Structures are given as structure tokens and as C-alpha cells.
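Derivation of every value follows stated rules applied to the coordinates shown; laboratory data play no part. Note that the structure is a prediction, hence the values are computed from the model and not measured. All Cβ positions, even for glycine, are placed from backbone atoms using ideal geometry, and neighbour counts span all protein chains on display.
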Amino acid sequence: MALRKILTEPNEVLRQKSLKVEKVDKDLQKLMDDMLETMYAAPGIGLAAIQVGVPKRVIVLDLDHKDKPKKPIYFVNPEIIEKSENNSTYEEGCLSVPGQFAEIDRPDKCHVKYLDYYGQPKEIKAEGMLATCIQHEMDHLEGILFIDYLSKLKKSMIIKKLSKQKKTVERIVV
Ligand code: GNR
Ligand code: NI
């Protein structure tokens, strides 16, 4: 396994739409292993492949990342079958938008079908934080970040702050 670099906003790659996986093979499993290790190290509770620069429809999640044994869930080609009418609000963060948090409204339940780590078809009926997280990750597959749901002003303030931080880091590295 290996750690991969997590891309941060602003970065055009994060705005790419990810492509459907044709086959769950050894290489894809290696990507999923690396993603999980990178997510735990961050630490985070979810990660989409595009966040490590790979435009494939792959997500890893572990809401109980502090528990042992760990309980990762791998999603390949996830599709939402049904969403609830009711919304719930959670404070969201994103490893690609470091240090920024905001309350976001999303459907409080979702029914999702996907392929697992072995390419087997699975379904999950998620609610609460799990439902929020799955939707946050599925947004990444469409090039959408949680800051896209904020007002133009809030969003542009966050992007400005992140670009400044990037420039500072570049100066220190150079
Ligand atoms: O680690 C993460 N925490 C989180 C908290 C609330 C809602 C969504 C998330 S996902 C985030 C990791 C990440 O950026 N995944 O794309
Ligand atoms: Ni995210």
C-alpha cells in the first residue's frame, strides 16, 4: 500500500467528471487500498478517487475510522436509486478544502447500488451521517464540492483563502 497526495481546491482536476469503471481488477483494488490508507492517514471518513487525481467512479468510506477492527466500505460505480424528500443538515468538511467547514442540507436518506471491492453488486440503505457522506463523495464524482452549495461570496472567500495558502506553501518549499 502507498499514500497518495490529496489534491486541494483550487485545482481543475477536482472539477472533472469521473468515468465509470469497466472492471474491478487487481489494479483497481490497489487503488482502493491506497485510497483507504490515504484516508486514514489524513485523517478523514471518506475519499473519492478524483481527490488523489484518478478520475474513476470509486469511493472509500469508514465512518468509524477510530474503531478496531476497521469497517471500510468500498463503492465502485455507485448510483443513487432513491433519495428521501426530507433533508438533514450536517457540518461538512472536505480533505480537498482543508480547514473549512459549513452546514450543508442534503436528503437524510439514500438508497444506493454499487459494486464492492470484489466487483459484486451490492445495495445499501443509508441514513444520517452515512447518507450525508455518500452524497458528499458522489458529488466528487461529478466534480462538485460542498462549497458549491454556499453563497457566491462565501465560496469565493474560501477559494481566495485556499489559493493564498497554496502560494505560501509553494514559497516555503522553494
Ligand atoms: O473527512 C471527511 N469528513 C466529512 C464530514 C462531514 C461530511 C463529509 C465528510 S467527507 C470528508 C472527507 C472528504 O473530503 N471526502 O471527500
Ligand atoms: Ni470531500
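Scanning the stretch 12-41 for residues that are closer than 21 Å to E92 by Cα and more than 15 Å from the chain's Cα centre (by Cα) yields a total of 0.
The set of residues from the stretch 12-24 being surrounded by fewer than 20 Cβ atoms within 10 Å (Cβ to Cβ) and touching a residue at least 12 places away in the same chain (Cβ under 8 Å) comprises V13, R15, Q16, K17, L19, K20, V21, K23, V24. If you scan the stretch 155-174, which residues turn out to be within 24 Å of L47 (Cα to Cα) and charged (D, E, K, R)? The answer is K155, K160, K161, K166.
Against the numbered list (1) of a type in the set (A, V, I, L, M); (2) in a strand (DSSP E or B); (3) away from ligand 2 (no atom under 16 Å from the Cβ), M157 comes up short only at (2). G44 meets the conditions (1) within 12 Å of the chain's Cα centre (by Cα); (2) under 25 Å from P69 (Cβ atoms); (3) not in a loop (DSSP other than H, G, I, E, B) in every case but one. The failed one is (3). Just one of (1) of a type outside the set (V, I, T); (2) within 12 Å of ligand 1 (Cβ to nearest atom); (3) touching a residue at least 40 places away in the same chain (Cβ under 8 Å); (4) more than 14 Å from C133 (Cα to Cα) fails for P55. It is (2). For the stretch 1-42, the set of residues classified as over 14 Å from G143 (Cα atoms) and within 13 Å of ligand 2 (Cβ to nearest atom) consists of I6, M35, T38, M39, A42, listed by residue number. Screening P78, P55, P72 for residues that are crowded, with 19+ Cβ neighbours inside 10 Å and touching a strand residue (DSSP E or B) at 6+ places or on another chain (Cβ under 9 Å) leaves exactly one candidate, P78.
Each residue in the stretch 62-100 was checked for being more than 16 Å from the chain's Cα centre (by Cα), among the hydroxyl-bearing types (S, T, Y) and within 13 Å of ligand 1 (Cβ to nearest atom), and 2 pass. Please verify whether S156 is loosely packed, with under 14 Cβ neighbours inside 10 Å, more than 17 Å from the chain's Cα centre (by Cα) and within 21 Å of V13 (Cα to Cα), treating the condition exactly as stated. Yes: the conditions hold for S156.
Residue-wise test of (1) more than 21 Å from V13 (Cβ to Cβ); (2) surrounded by fewer than 15 Cβ atoms within 10 Å (Cβ to Cβ); (3) within 16 Å of ligand 2 (Cβ to nearest atom).
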{"site": "V112", "(1), (2), (3)": "yes, no, no"}
{"site": "E123", "(1), (2), (3)": "yes, yes, no"}
{"site": "A131", "(1), (2), (3)": "yes, no, yes"}
{"site": "M138", "(1), (2), (3)": "no, no, yes"}
{"site": "G143", "(1), (2), (3)": "no, no, yes"}
{"site": "S151", "(1), (2), (3)": "yes, yes, no"}
